[in-house]
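Take a look at the structure set out below.
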Amino acid sequence: MKREVDVLVIGGGVIGVCAAYYLGQQGRRVTLVEKGEICAGSSYGNAGLVVPSHSVPLAAPGVAPKALGWMFDRDSPFYIEPRWDGALWRWLWRFWRSGTEAHVRRAMPLLRDLHLASRGLFAELTRLEGMACSYEQRGVLYAFNTCVGLAGGVAEAERLQEAGLQAQVLDRTAVCALEGLEVSVEGGVYYPQDAHLVPDRFVRGLSGHLAGQGAEVLPHTEVLGLVRQGDRVSSVQTTRGDFAPREVVLAAGSWSPLLAAQLGLSLPIQPAKGYSITFKKPAVCPAVPLLLGEAKVGVTPMGELLRFAGTLELAGLDLSLSRRRVAAILRGVPAYLPQLDPAALELVEVWRGLRPCTPDGLPFLGRAPGCENLTVAAGHATIGLSLGPITGKLVSQVVCGVPEMDLNLLRVNRF
Ligand SMILES: Cc1cc2nc3c(=O)[nH]c(=O)nc-3n(C[C@H](O)[C@H](O)[C@H](O)COP(=O)(O)OP(=O)(O)OC[C@H]3O[C@@H](n4cnc5c(N)ncnc54)[C@H](O)[C@@H]3O)c2cc1C
């Protein structure tokens, strides 16, 4: 027997939970299914950064050639597990082709608006009862220890300033003063509008508010099949029975293409594995989160923790943990932060997760073509935490009426 439900949200990461929350705010009865624990996927151990400063899409001029130059070096920040996989090579081709100046010019204003709107929502959501996720609006410092790196950082800052975002170029002395410790750099760019938090505490805290809105949260409930009848999803088959939903929201991160394919829908999303290593916060610790420009490592002091995060590895849906890549992340740190020796810190957790990456660096957000009760919200790559709240709000508007922003660039059938 099928259970009739109003809106079925698939995926209990930051996107699914935020979508469920805002749907509840619109008075919809939500059932959220998650195959593991809530926040078991990429949303758990990420760097926790809310980043209007990431308003340049990942697919930008020069990025693909640089990334492909690194691709077979196991210790580099970007790595591709060499294999014959048609979907991967098609994705790489589209990634290469998307990295144009015209694409950056089109995408930047939208990304800026999404990040800034999301940041406003973070400020509201983190004030809800029980949201102890150490949210702080202290900005993020991009630190560079080569002249070439700094020049690239400054050029990007100018671009973001032209788009209306705040950025301050700092010399070494100002960088050290901002961080309250020695930072060995040529200089840095400080983005005061950025913020940070402990991501799993945010997602789990918000999911705790769903029951109060009358939503049903079902962890350990895996979607096995999606059945289509005409232009509607008629049935969602799970390990805990079948559902007949009025509306379906697909927010299954890197696993979304597998589920979409059952409906004949192609979503070009490649999982990009990244790692984080979390320690107890040491006595000597940066005051403001850093992105180490050349090493491509994020350093986030969050609550009583200090987290290092990095690497981007296209290895499919493979969650194996490479200790070599973990070591490569930590090796890069002392060159920038000589007072921080990761070997002397008290380890809390080593983690890996799969960023759901689209070829043009923009998420999919909108109704699925030819499937009128299916809304897709997936493919947020390196900015899914940052865009979580605004994505959730826009999903609720797509399902209930008209979204407050023009989402044409994010349409599901753009490839
Ligand atoms: C190292 C690292 C650092 C990062 N740092 C940042 C950062 O600082 N700022 C930022 O904005 N972003 C960051 N990101 C990216 C961010 O983590 C992701 O974009 C975001 O978590 C994606 O959220 P999601 O809800 O789409 O996916 P997920 O969190 O992966 O959630 C998808 C959920 O769907 C569930 N699911 C899958 N299949 C099924 C099924 N069949 N049935 C039921 N449930 C299913 C999964 O179990 C999972 O819980 C980082 C990522 C990594 C890896």
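Remarks
- Segment 110-148-segment 329-348 distance, computed between alpha-carbon centres (Å): 24
- When +1 charges are put on Lys and Arg Cβ atoms and -1 charges on Asp and Glu Cβ atoms, the dipole computed for segment 228-273 relative to its Cα centre reaches about 100 debye.
- Added length on full extension, which subtracts the Cα-Cα distance from 0.36 nm per residue, V148 to W84: 19.5 nm
- In segment 36-101, the trypsin sites (Lys or Arg not before Pro) that fall in loop regions by DSSP, at most 15 other Cβ within 10 Å: R74, R83
- Summarising the label geometry, the points placed 7 Å from Cα in the beta-carbon direction at Q137 and A155 lie 3.2 nm from one another.
- Among I80, I15, I329, residue whose mean-square fluctuation peaks in a GNM of the chain (springs only between Cα atoms under 10 Å): I80
- Centroid-to-centroid separation of segment 44-95 and segment 353-379 [C-alpha atoms, Å]: 18
- Between amide H atoms placed 1.01 Å from N, distances below 5 Å from Q166 occur with Q193, all of them 5 or more places distant or on a separate chain.
- 19 Å reach of a label modelled at R3, 7 Å along Cα-to-Cβ, counting backbone N of segment 189-229: 207-227
- Using C-alpha pairs below 8 Å separated by at least 6 residues, the relative contact order for segment 261-364 is 40 percent.
- Its DSSP H runs of at least 4 residues, each contributing -39,500 (n - 2.57), put the calculated 222 nm mean residue ellipticity of the chain at -9500 deg cm²/dmol, to the nearest 500.
- Fewest-first ranking of V183, V288, V227, using other Cβ atoms within 10 Å as the exposure measure: V227, V288, V183
- Summing Cβ point charges (Lys, Arg +1; Asp, Glu -1) relative to the Cα centre of segment 93-233 gives a dipole of roughly 520 debye.
- Sorted ascending by nearby beta carbons within 10 Å, beginning with the fewest, W70, W84, W91 become W84, W70, W91.
- Farthest towards the positive end of the charge dipole of segment 1-68, among the residues V50, A20, P65, is the Cα of P65, using unit charges on the Cβ of Lys, Arg, Asp and Glu.
- Each residue of segment 263-268 is assigned a 3J(HN,Hα), and the resulting list reads 9, x, 10, 9, 10, x Hz, derived from the Karplus form 6.51 cos²θ - 1.76 cosθ + 1.60 (θ = phi - 60°), x at Gly and Pro.
- Spatial offset of segment 254-315 relative to segment 164-238 amounts to 10 Å, using the alpha carbon center of each.
- Once the Cα-Cα distance is subtracted from the 0.36 nm per residue extended length, the R97 to L258 segment shows a gain of 55.5 nm.
- Cross-link reach list, lysines versus K66, counting only Cα pairs under 17 Å and skipping chain neighbours closer than eight places: K296
- Normalised contact order of the chain, rounded percent, pairs of Cα under 8 Å and 6 or more residues apart: 26
- Distance between the pseudo-spin-label points of Q168 and V350 (7 Å out from Cα toward the beta carbon): 3.8 nm.
- Among T239, T300, T221, a tally of other beta-carbon atoms within 10 Å of each Cβ gives an order, fewest to most, of T239, T221, T300.
- Leading residue at positive end of dipole, the chain (Cβ point charges), from C400, M108, G120: C400
- Backbone N atoms of segment 347-387 closer than 19 Å to the 7 Å Cα→Cβ label point of S234 belong to residues 370-375.
- Dipole of the chain computed with +1 at Lys/Arg Cβ and -1 at Asp/Glu Cβ about the Cα centre; of A252, Q229, H380, farthest Cα towards the positive end is Q229.
- Relative contact order (%) - criterion: Cα under 8 Å, at least six apart; region: segment 46-185: 25
- Each DSSP beta bridge with both residues in the chain is either parallel or antiparallel, and the antiparallel ones are about 70%.
The numbers here are math on the coordinates, done by the rules we state, and not lab data. Source: prediction; values computed, not measured. Quick reminder, even Gly has a Cβ in these numbers, built from the backbone with ideal geometry, and neighbours come from all protein chains shown.
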